[in-house]
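The structure appears right after this line, and notes come after that.
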DNA sequence: TTGACTTCATTGCATATGCAACGAATATTC
DNA sequence: GAATATTCGTTGCATATGCAATGAAGTCAA
């Protein structure tokens, strides 16, 4: 048996991008389990809804472009999520009066009602994470803060 | 204009599952840019390769099942990644002699050569992250450690 | 104003994905 | 040891995704 030259000793389980991916998957999944069955909302849809529930400044509505930028999703993903949400009667799309290229998205009453149920659920999950991590949470926050600042810079 | 009851004030940008997802996306992407074009390897394929490059214990080969468990990917994803890698001549699949349901995966010489290039690249990226985060890195590690322990428990 | 660029959102297309179903092999139970 | 249940890996299928191309609208410069 030929003895191959050894490969560098690399430990995937301590590789930061990998750990982040697993942590993200597991937490998103843990939360999604709570609302998917009950409300029939996917993760991309949830992100759009959350963004609409919290208009920045005084803005009543938001464009696809805004969401793409702030929510870290491709615009086609946003567009499709928005279409599904519209079909479900949770949001409405309207042409912006000033710039007719823009599509302004806004929650319907039904959408608002849904979010009134959904948001507390998410907030409770956040509390749960903080409680479960205890002291380690602050460090995680700082680390994520620094990392996000770094990788979004370019 | 009717004044709707206000929704809870929820800040997506400080929601841990969301931050983790963004951080994971960005870092994976930043790294993938370095090897995808050069080596034609996707992220699922890369994960399988890494796992094969580091046999646990003395094991020379690994089954799809092993990878599914340790690498946090669906078995169909692993299976398909493995098929592509086999087609590319980077790994070989063989029936396990003892339990003929198992498929043992192993790097070919070509696969080993690829990993000899790829692993240093990943290790350098890890160094880079640690350097860029400086003091915040330790906290991130502790936080991820605690979080992964928590969410994989059940 | 006209014509060249840019921006916005959607869509076509090829590929990737998750899930359930399947066939083959093994384990378990009686 | 026969029947049943479970495990392993692959695949069919419906859906989701990324990317490029498109069309519509707006901007800019001369």
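Numerical summary
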{"item": "Relative compactness, segment B:35-121, computed as alpha-carbon Rg over 2.2 N^0.38 Å", "result": "1.01"}
{"item": "Among B:118, B:105, B:144, residue whose mean-square fluctuation peaks in a GNM of chain B (springs only between Cα atoms under 10 Å)", "result": "B:144"}
{"item": "Cβ-Cβ FRET estimate between residue A:134 and residue A:9, R0 fixed at 51 Å, reported to 0.05", "result": "0.95"}
{"item": "Cβ nearest the rotation axis (A onto B), residue from chain A and distance to the nearest whole Å", "result": "A:139, 1"}
{"item": "Relative contact order (%) - criterion: Cα under 8 Å, at least six apart; region: chain B", "result": "18"}
{"item": "For segment A:77-97 versus segment B:83-138, the gap between their alpha-carbon centres in whole angstrom", "result": "41"}
{"item": "Sequence of A:45, B:74 once ranked by neighbouring C-beta atoms within 10 Å, starting from the fewest", "result": "B:74, A:45"}
{"item": "Listed residues A:111, A:40, A:139, most fluctuating in chain A (Gaussian network, C-alpha, under 10 Å)", "result": "A:139"}
{"item": "Residue order, fewest to most surrounding Cβ atoms within 10 angstrom, among A:103, A:48", "result": "A:103, A:48"}
{"item": "Global size of chain B as Cα Rg and Dmax, reported in angstrom", "result": "19.8, 74"}
{"item": "Debye log10 I(q)/I(0) at q = 0.09, 0.11 Å⁻¹ for the protein assembly as shown, Cα point scatterers", "result": "-0.55, -0.79"}
{"item": "Inter-copy label distances at residue A:89 (7 Å, Cα→Cβ; nm, one decimal)", "result": "6.0"}
{"item": "Estimated FRET transfer efficiency (residue B:149, residue B:109; beta-carbon r; R0 30 Å; 0.05)", "result": "0.20"}
{"item": "222 nm mean residue ellipticity, helices alone, for the protein assembly as shown (DSSP H n ≥ 4; -39,500 (n - 2.57); rounded to 500)", "result": "-21500 deg cm²/dmol"}
{"item": "Intensity falloff of segment A:4-44 expressed as log10 I(q)/I(0), Debye formula with alpha-carbon point scatterers, at q = 0.33 Å⁻¹", "result": "-1.03"}
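Values quoted throughout were computed directly from the atomic coordinates according to the rules given, and no laboratory measurement underlies them. Keep in mind it's a predicted model, so treat the numbers as computed, not measured. So basically every Cβ, Gly included, is an ideal-geometry build from the backbone, and we count neighbours across all protein chains shown.
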